[in-house]
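Below: one structure in structure tokens.
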Amino acid sequence: MGTQGTKGQCMQNDVASILANLRQEHRNMTRLLNLLERESNRIEAEQDADIELMQDVMHYMTVYPDAVHHPKEDRIYAELKKIRPELSEGFSRITLDHHAIAEQGMQLRNDIELIQAGAMVKRKAVVRDALRYANTLRNHMQWEELDLFRRIEEMIKSGHRHLDTADWPHIADPVFGPQLEDRFRRLFDRAGRA
């Protein structure tokens, strides 16, 4: 796995392990997007929706994928560009996509929190924004899986198997990581059934 020296030295991590972790995080996010879409569809059908669950999904999405997962992808892309520039062509939009996804996510999270607080928010707009967010993120992950990750595998095959990850965000996943945070226990339980 990774090696770490004394303070100030670099921390090396195996790119294949990082890539496997990113793929698992995509599967986890897909499970949560399924929950978000299901509850959005319930709102649209004028059924009782679990707004608290939607709030939990978006809280997680803005504190882990936006703050940790996407920055890791940005860094691995930067490394690809540095090591194998010919493999990085067409990926300059990745950071812009991540910023757009984060903005959509924060807007949706804020709208859901307003509904939860009893504010008058147009539910159709929340449904539209939730489905747009889910669709944007799903399309983005598919693009990464089919193209970016394939190119990273080419980088690995050409001998670049380790990355310095000392300055990467090293925050454990609060839902799917080694220690489930109490705040997300219900979300984890529901994601297991998604």
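Could you list, in sequence order, the residues of region 69-104 that are aliphatic (A, V, I, L, M), surrounded by fewer than 19 Cβ atoms within 10 Å (Cβ to Cβ) and either within 24 Å of TYR133 (Cβ to Cβ) or in contact with a His (Cβ under 8 Å, 6 or more places away or on another chain) (or both)?
ILE83, LEU96, ALA100, ALA102
Residues being in contact with a helix residue (DSSP H, G or I) (Cβ under 7 Å, 6 or more places away or on another chain), charged (D, E, K, R) and either part of a loop (DSSP other than H, G, I, E, B) or within 20 Å of HIS170 (Cβ to Cβ) (or both): count how many of those fall in region 84-106.
Total meeting the criteria: 1.
So which of ARG75, ARG109 is part of a helix (DSSP H, G or I), in contact with a helix residue (DSSP H, G or I) (Cβ under 7 Å, 6 or more places away or on another chain) and touching a residue at least 40 places away in the same chain (Cβ under 8 Å)?
One residue alone meets the criteria, ARG109.
Exactly one condition in (1) modelled with pLDDT of 95 or more; (2) on the phi > 0 side of the Ramachandran plot is false for LEU108; which is it?
Going through the list (1) modelled with pLDDT of 95 or more; (2) on the phi > 0 side of the Ramachandran plot, LEU108 breaks only (2).
Checking ASP173 against (1) surrounded by 16 or more Cβ atoms within 10 Å (Cβ to Cβ); (2) closer than 19 Å to ASP56 by Cα; (3) of a type outside the set (A, V, I, L, M); (4) in contact with a helix residue (DSSP H, G or I) (Cβ under 6 Å, 6 or more places away or on another chain), which test does it fail?
(4)
While we're looking at this one, here's another question. (1) in a helix (DSSP H, G or I); (2) modelled with pLDDT of 90 or more; (3) over 16 Å from the mean Cα position of the chain (by Cα): which one isn't true of LYS81, the others all being true?
Here LYS81 meets the rest and fails (2).
Also, quick follow-up: How many residues are surrounded by 20 or more Cβ atoms within 10 Å (Cβ to Cβ) and under 19 Å from the mean Cα position of the chain (by Cα) if we restrict to region 38-54?
Residues in region 38-54 being surrounded by 20 or more Cβ atoms within 10 Å (Cβ to Cβ) and under 19 Å from the mean Cα position of the chain (by Cα): 1 in total.
The values are calculated or read from the model by the stated rules, or taken from the named source; none is laboratory data. Quick caveat, the model's predicted, so the values are computed rather than measured. Quick reminder, even Gly has a Cβ in these numbers, built from the backbone with ideal geometry, and neighbours come from all protein chains shown.
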